[in-house]
1. When the residues of the stretch 113-130 are filtered to those that are of a type in the set (A, V, I, L, M, F, W, C) and within 12 Å of Leu147 (Cβ to Cβ), which remaining residue is surrounded by the fewest Cβ atoms within 10 Å (Cβ to Cβ)?
2. Given the structure, is Trp104 farther than 25 Å from Glu132 by Cα and either at pLDDT 80 or above or among the basic types (Lys, Arg) (or both)?
3. State all residues of the stretch 13-29 that are surrounded by fewer than 19 Cβ atoms within 10 Å (Cβ to Cβ), on the phi < 0 side of the Ramachandran plot and within 13 Å of the chain's Cα centre (by Cα); if no residue qualifies, say none.
4. Looking for something among the basic types (Lys, Arg) and at pLDDT 90 or above - is there at least one such residue anywhere in the stretch 111-125?
5. Considering the stretch 107-118 alone, what residues qualify as being in a helix (DSSP H, G or I) and closer than 14 Å to Arg154 by Cα?
6. If we keep just the residues of the stretch 51-82 that are among the hydroxyl-bearing types (Ser, Thr, Tyr) and either modelled with pLDDT under 80 or closer than 30 Å to Gln124 by Cβ (or both), which is least open to solvent (accessible area, probe 1.4 Å)?
7. Inspect the stretch 87-96 for any residue being surrounded by 10 or more Cβ atoms within 10 Å (Cβ to Cβ), modelled with pLDDT of 80 or more and among the charged types (D, E, K, R) and give the result as yes or no.
Amino acid sequence: MTDSAFEQQARRLWQKAVDASRSYGAGETEAEDIAQDVMLRLWQMRAELERYHSLEAVAVQAARRLTLNLLNRHPRFSLADEAVAVAVDADPSQRLVEKENDAWLEERLKALPTTQHAILYMRQVERRSGEEIARLLGISEASVRTLLARARRRLLEELKSRPL
């Protein structure tokens with residue numbers, strides 16, 4: 001395959017690799033990194049690409065394998081898994097303290113304005129990027145950063161003023 005023919009298909013192949021990586025569980029930035037790696041590998045083997053019937057299938061397959069490798073190296077865990085681990089290791093009084101802390105935090109989170117709560121949830125729990133949150137909510141990235149900072153500041157202030 002010639003360099004110019006590869007360049008003509010590169011954007012479409014990159015997008016297929018990003019989509020495939022995200023569908024297998026990678027986050028937005030991880031998916032873009034994986035797609036970039038796929039494109040580099042395809043570029044390196046561009047002289048041999050003529051033998052493949054579908055370059056899209058090659059890009060998707062490479063993205064899938066790289067994503068699964070990444071996820072196997074860095075397994076994700078949920079907050080529920082952490083809570084179970086804490087519950088198993090803790091003594092009864094420690095579990096009671098943890099339960100009270102969780103209830104207190106849940107109450108404070110519910111007291112946040114709806115937009116701040118949604119942004120904080122998308123960023124901290126769903127691990128979405130600022131750009132993605134802005135796109136989903138239809139606001140600017142600067143607004144996302146501001147609202148996220150306000151939510152965090154409010155929770156920090158309430159935590160500081162909380163009696164022990």
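The values are calculated or read from the model by the stated rules, or taken from the named source; none is laboratory data. Values in this document were obtained by computation on a predicted structure and should not be read as measured data. Here the Cβ positions follow ideal geometry from the backbone for every residue, glycine too, while neighbour counts run over all protein chains shown. Heavy atoms of the whole protein, side chains included, go into the accessibility calculation; ligands, DNA and RNA do not. Shrake-Rupley method; radii C 1.70, N 1.55, O 1.52, S 1.80 Å.
1. Ala118
2. yes
3. Arg22, Ser23, Tyr24, Gly27, Glu28, Thr29
4. For the stretch 111-125, residues among the basic types (Lys, Arg) and at pLDDT 90 or above: absent.
5. Within the stretch 107-118, Glu107, Arg108, Leu109, Lys110, Ala111, Thr114, Thr115, Gln116, His117 meet the criteria.
6. The selected residue is Thr67.
7. Yes, there is a match, as at least one residue in the stretch 87-96 is surrounded by 10 or more Cβ atoms within 10 Å (Cβ to Cβ), modelled with pLDDT of 80 or more and among the charged types (D, E, K, R).
One line per residue, one yes/no per condition, for (1) surrounded by fewer than 13 Cβ atoms within 10 Å (Cβ to Cβ); (2) touching a Lys or Arg at 6+ places or on another chain (Cβ under 9 Å):
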residue	(1), (2)
Ala111	yes, yes
Leu136	no, yes
Arg154	no, yes
Leu159	yes, yes
Pro163	yes, no
